[in-house]
1. Once label points are set 7 Å from the Cα along Cα→Cβ at both residue 393 and residue 436, what is their separation, rounded to one decimal in nm?
2. What's the exposure ranking of 297, 540, going from fewest to most Cβ atoms within 10 Å?
3. Evaluate the distance, in nm, between pseudo-label points positioned 7 Å from the Cα of residue 17 and of residue 400 along their respective Cα→Cβ axes.
4. Could you state the number of Å between the C-alpha centres of region 452-517 and region 134-211?
5. If packing is taken as the average count of other Cβ atoms within 10 Å, what order do 459-469, 513-523 fall into, highest mean first?
6. Measuring from a point 7 Å past the Cα of residue 280 along Cα-to-C-beta, which residues in region 301-333 have an amide N at less than 18 Å?
7. Assuming R0 = 56 Å, what is the FRET efficiency of residue 586 and residue 32, from their Cβ-Cβ distance, to the nearest 0.05?
8. In what order do 413, 444 fall by count of nearby beta-carbon atoms within 10 Å, going from fewest to most?
């Protein structure tokens, strides 16, 4: 995984953590409600006691197979599940209700009117379980009466045991009766088959010394034929071998025979003894001649005479060998012919035996098979009759139920633990669901994505009015950032009329305006605040000035500007209140007098801020946006839907206004980690810092301009009047 992927995953995790932090009160509330609910429900739940019976149940293996020696039916994996259902059926529980009088007992307590209602209550009290890898089961009965739970559990086990024994006995009785009938039928069948086989044997005069066994007289003829056939095959091979050897020797000379004696596999003792001596003499003769002795040398003559004698012996013996081989071949051929005749005779006997005794052999085979089946059935009947007399118990009670010493329900710790888990899961899930449904503005990316305009500042939650603080306030740093962004984002210093609007009421635009104006004034700008909200003005209250004569008076009468502009207690900061609220606010704001006012204040002040009503509520803000150089939109964090931002932007664009940027207001930086860095360095800026030095330099540079305004006409100073 590359670094980009890791960063994206980390960002996603931080987003999840941010949602949890923001919605933490909701999560805690839901968690506490769920936990308290589970605790209260657990406390008021009735205490139930559990009594358990442990039984061993075995699958019925008493089903008798009539003509098969195996009596087991094999293990059925559904057997235990079937028994669990049987235990809870009416045929099993009705006797329990009657024997314990549960119908009458519960009639007064629960108002039951029939046995079926008691049955359904009893069934709801029962839980049947299997002990893993065993034949043991547990019957658990839950009741608010510990004694009642034990009695019911024991009675259910006893009724089930009784029912299983009865069923098994009935099954064995039915099986034995059926087996006896089948044995009698088979006995009659055996007698009929025996008589039929005897009749065929007598009529066909077939000798059979073992009529009650499976021995087949035809097997003797088959064995004779097989034996003769094997002898013929062996003799044919021997004759073939002798003929091949005789033919080879007949074609060879005596010398060739002597040289090939080993190859021909002839075991003649005379040749085997004389031939090596002859070969040795021939070799010795050759050596003597090569050594220089003549043919007339006595030694050579003696050796040659000896050699001639041995050659004559070999010649005579080879002749005898040829004669012997010919005789053996003739004898073998005669023997083969005799065996072939015997084979033909044996084959004829075999075919004749099969033809004569075919019907008898089939009848005898049917009789023997039926007799074997009868013997097996008789033995089975005897065995099952003996086993029936032995006690059978397919259901054994190993542990009887006793009254419980402590309640099994409710499980306090488990319920509380489940409440904790469910509370956390539900709380976190609800938080993320609400976050998903919440379409309000949460991040600067939301603003920049939907409006395609920059975010000028992020204002933290619980910002105070800066004009009421004598000393420098860390909260002012957010507005200094905003002031810097305004300075760099406006195209020219002449674009100095700015209106601050919002989509709805209560988003903090008036507070943002006064604090921004205060920051500009402290930075040396001659600043004018005009309260153009002629419906619900608030600037005079924020400044603590009486709202006697203001904007509406100036626009509707011929009074001078100096009469409606008030110098506040902050240097370089002036205020024009709204004045008396008119009936037609839009009409006077969209007048020529308003245009003249804007032109006049643009020349007298460095920066002018116009407060306005919500732009989506009334048309006043649209008129102001069209008349101002720049428009700033205030959006309250996590309040205003993102879809409404488009309407705000469109409202400004429709009247030809210019949006400078957006202020994200009222951000809770304790929960939204995206914005912690906006306030983490506020303490760095104290008095004497670079901002204050720059403010002092700008203040000195603009002091003369303020004096010019003051000398041109008297300006009313109400900064100390009607303070709040």
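1. 6.1
2. 297, 540
3. Label at residue 17, label at residue 400, 6.4 nm between them.
4. So the separation of the two Cα centres works out to 99 Å.
5. 513-523, 459-469
6. 302-314
7. Approximately 0.65, to the nearest 0.05.
8. 413, 444
Since every read-out is calculated from the coordinates, none of them should be taken as a lab result. It should be emphasised that the depicted structure is a prediction, and the values quoted were computed from it without experimental measurement. Using ideal geometry, Cβ is built from the backbone for each residue, glycine included, and neighbour counts are taken over all protein chains shown.
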